[in-house]
Amino acid sequence: MKQLRIVVSSTRPGRIGPKVAEWVASQAPTSEWEVELLDLSSLPFFDEEDMPRNGNYAKPHTKDWASKVFESDAIVVVTPQYNRSFPAPIKNAIDYLFAEWDAKPIALVGYGWSGASDATADLTKVLEHVKADVVGATGLVFTQDVSPAGDLDVTDERRAELGALLDALAAKVDEPVGATA
């Protein structure tokens, strides 16, 4: 069974990220994926002494986060768009690690007034810099797919886009080692 981690990147009070992440989890075929939600609200601001590139993690929360990312086969990051980009907690979470991101298949699911297109584009740049393999993104649009309160009524188009992203993640996981696209 493939290990899929879904990261809730917003930590704001009243956030709807957990609802969106639960919807994403419900769309993952249970015959293919074992899903775990990871909530960044429990990860403090970066507090390691050594640089992440060295992999010398000392703090228990860093070791746990590194283990969750490393042991996953693929990751979906659920992110809102705040001020035309992604929230600070996901950047913090990325910055905690280095080697664990290398070639990790990642899909992005944004939500917001514009479907979080700026947030997912910016997040793609950051993830590609740490050598993650971003397979694509989709966005849920407020009032069309999801309400600002988190009530989901997702269009068939968005469901199909998420299905394609999950298929792309599965294909990356199943890809022979050393294969190139």
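What's the number of the only condition in (1) closer than 30 Å to Asp50 by Cα; (2) surrounded by fewer than 18 Cβ atoms within 10 Å (Cβ to Cβ); (3) polar (S, T, N, Q) that Ser114 fails to meet?
Result: Ser114 fails condition (1) only.
Do you know which of the residues in region 117-130 that are farther than 12 Å from Pro80 by Cα and within 12 Å of the chain's Cα centre (by Cα) is surrounded by the fewest Cβ atoms within 10 Å (Cβ to Cβ)?
Thr124
Looking at region 36-46, is at least one residue in contact with a strand residue (DSSP E or B) (Cβ under 6 Å, 6 or more places away or on another chain) and over 16 Å from Asn92 (Cβ atoms)?
Yes - at least one qualifying residue is present in region 36-46.
Of the residues that sit in region 58-96 and are assigned to a helix (DSSP H, G or I) and in contact (Cβ under 8 Å) with a residue 60 or more places away in the chain, which one is farthest from the chain's Cα centre (by Cα)?
The residue in question is Glu71.
Within region 1-28, track down each residue that is in contact with a strand residue (DSSP E or B) (Cβ under 8 Å, 6 or more places away or on another chain), free of Cβ contacts under 8 Å to residues at least 60 places away in the same chain and either of a type in the set (D, E, K, R) or outside any helix (DSSP H, G or I) (or both).
Met1, Glu22
Of the residues that make up region 40-56, is at least one surrounded by fewer than 21 Cβ atoms within 10 Å (Cβ to Cβ), of a type in the set (D, E, K, R) and closer than 16 Å to Arg5 by Cα?
Scanning region 40-56 turns up no residue that is surrounded by fewer than 21 Cβ atoms within 10 Å (Cβ to Cβ), of a type in the set (D, E, K, R) and closer than 16 Å to Arg5 by Cα.
Are any residues in region 29-44 in contact with a Ser or Thr (Cβ under 9 Å, 6 or more places away or on another chain) and assigned to a loop (DSSP other than H, G, I, E, B), and if so, which ones?
Listed by number, the list holds a single entry, Leu43.
Can you confirm whether region 131-144 contains a residue that is more than 14 Å from the chain's Cα centre (by Cα) and small (Gly, Ala, Ser)?
no
Could you list, in sequence order, the residues of region 164-175 that are assigned to a loop (DSSP other than H, G, I, E, B) and closer than 19 Å to Ser117 by Cα?
Within region 164-175, none qualify.
Residues are listed down the side, and each one gets a yes or a no for (1) part of a strand (DSSP E or B); (2) within 21 Å of Glu22 (Cα to Cα); (3) out of contact with any Asp or Glu (no Cβ under 6 Å at 6 or more places or on another chain):
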position	(1), (2), (3)
Glu100	no, no, yes
Gly110	yes, yes, yes
Val135	yes, yes, yes
Gln144	no, yes, yes
Ala149	no, yes, yes
Arg158	no, yes, no
Leu162	no, yes, yes
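Can you name the residue in region 18-37 that is buried (at least 17 other Cβ atoms within 10 Å of the Cβ) and β-branched (Val, Ile, Thr) and is also farthest from Ala74 (Cα to Cα) among such residues?
Val20
Check region 68-83 and report whether any residue there is loosely packed, with under 14 Cβ neighbours inside 10 Å and either closer than 18 Å to Ala21 by Cα or of a type in the set (A, V, I, L, M) (or both).
Within region 68-83, not a single residue is loosely packed, with under 14 Cβ neighbours inside 10 Å and either closer than 18 Å to Ala21 by Cα or of a type in the set (A, V, I, L, M) (or both).
Every read-out reported here was derived from the displayed coordinates using simple, explicitly stated rules and does not represent laboratory data. For clarity, every value in this text was computed on a predicted model and none was experimentally measured. A quick note on method: Cβ atoms are made from the backbone with ideal geometry, for glycine too, and the neighbour counts reach across all protein chains shown.
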